[in-house]
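The values are calculated or read from the model by the stated rules, or taken from the named source; none is laboratory data. Since this is a predicted model, take the numbers as computed values, not measurements. FYI the Cβ positions are ideal-geometry reconstructions off the backbone, even for glycines, and counts take in every protein chain you see.
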Amino acid sequence: MSDHYSASSSGNHAVVKGAFDRVRQSPTLGEVLESDELSRALLEAARWPQGPECLRCGALGAACKLTTRPGLWTCKSCRNCQYSVTSGTPLHGTRVTLQAWVSLFHTQEVRRQRPSVSQVSRRLGVSYLTAKSMLRRLDELRSEMPAMAERMRHHLIELSAGRESGPGLPPPPNSFA
Ligand SMILES: [Zn+2]
C-alpha cells in the first residue's frame, strides 16, 4: 500500500510545500526534538528540498510513501526500490532515534557546544560506543553532504528563533548544558 507524497495534483510546488509544511507550519523546536516523525520531516526537508528523490533512478516527484514502515519511500518511476531519508547517508542503518540525531546536531550547530562522548552517552541514553559513532557520523554528514547539513542547521535556527519569541515555553528537552 502506498499514498502519494503530496495529496495535491498541482505539481512540484505542492511537493516542495508539503516537505516544508510538515516541519515549519507550527511545531516548536521542543516538539521536533521529541518527535521521531517531526525529526524525520526536518531531515527530509533538508535532504530533499524539492521532495524525495529516488536513490536508484534519480526521479523527482515520483515518490510514494509506503505505509508498511514509517519513513519508507518507493518510486513510481523505477518501481523497484525502497529508501528512507537516511539511506545512502552516514546515518544509514542507524538504530538511534531520529530525534536523537537531530538533537545532537542542534547542540553542535545551533547551541555551538562540543559535547564529549561521555556527555552524549549520558544525555541521549546511548552506549559509549554508540555516542562515539554518532559524533563520527555527524562529522561525516557535514563533510560528505554539506548542503543537507547546512539546510538542517538553517531549519533548526528558524525553529529556535520561533521558540525564543514564544511565551513561557520550556527549555529544549535535550540541552547538554
Ligand atoms: Zn526510481
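Among the residues of the stretch 148-177, the ones that are at pLDDT below 85 and not hydrophobic (A, V, I, L, M, F, W, C) come to 13 in all. Would you confirm whether any residue within the stretch 62-75 is more than 24 Å from P146 (Cβ to Cβ), in contact with a strand residue (DSSP E or B) (Cβ under 6 Å, 6 or more places away or on another chain) and assigned to a loop (DSSP other than H, G, I, E, B)? Yes, some residue in the stretch 62-75 is more than 24 Å from P146 (Cβ to Cβ), in contact with a strand residue (DSSP E or B) (Cβ under 6 Å, 6 or more places away or on another chain) and assigned to a loop (DSSP other than H, G, I, E, B). For the stretch 45-86, the candidate set comprises residues that are under 20 Å from M152 (Cβ atoms) and in contact with a helix residue (DSSP H, G or I) (Cβ under 6 Å, 6 or more places away or on another chain); within that set, the residue that is surrounded by the fewest Cβ atoms within 10 Å (Cβ to Cβ) is Q50.
Just one residue in the set A14, A19 is in contact with an Asp or Glu (Cβ under 8 Å, 6 or more places away or on another chain), closer than 25 Å to E158 by Cβ, at pLDDT below 90 and more than 16 Å from the ligand (Cβ to nearest atom); that residue is A19. Does S160 satisfy the criteria of being under 23 Å from S35 (Cα atoms), surrounded by 14 or more Cβ atoms within 10 Å (Cβ to Cβ) and among the hydroxyl-bearing types (S, T, Y)? Yes. Confirm whether R112 is within 18 Å of the chain's Cα centre (by Cα) and farther than 16 Å from A46 by Cβ. So R112 does not fit the description; no. Of all residues in the stretch 76-113, those being part of a loop (DSSP other than H, G, I, E, B), out of contact with any Gly (no Cβ under 8 Å at 6 or more places or on another chain) and among the aliphatic types (A, V, I, L, M) number 3. Among residues of the stretch 52-61 being more than 9 Å from the ligand (Cβ to nearest atom) and part of a loop (DSSP other than H, G, I, E, B), the one that is nearest to V96 (Cα to Cα) is P52. Sub-9 Å Cβ pairs linking a first residue in the stretch 75-89 that is of a type in the set (D, E, K, R) to a second residue that is within 10 Å of the ligand (Cβ to nearest atom) and not in a loop (DSSP other than H, G, I, E, B), at least 6 apart or interchain, are K76/A63, ordered by first then second residue.
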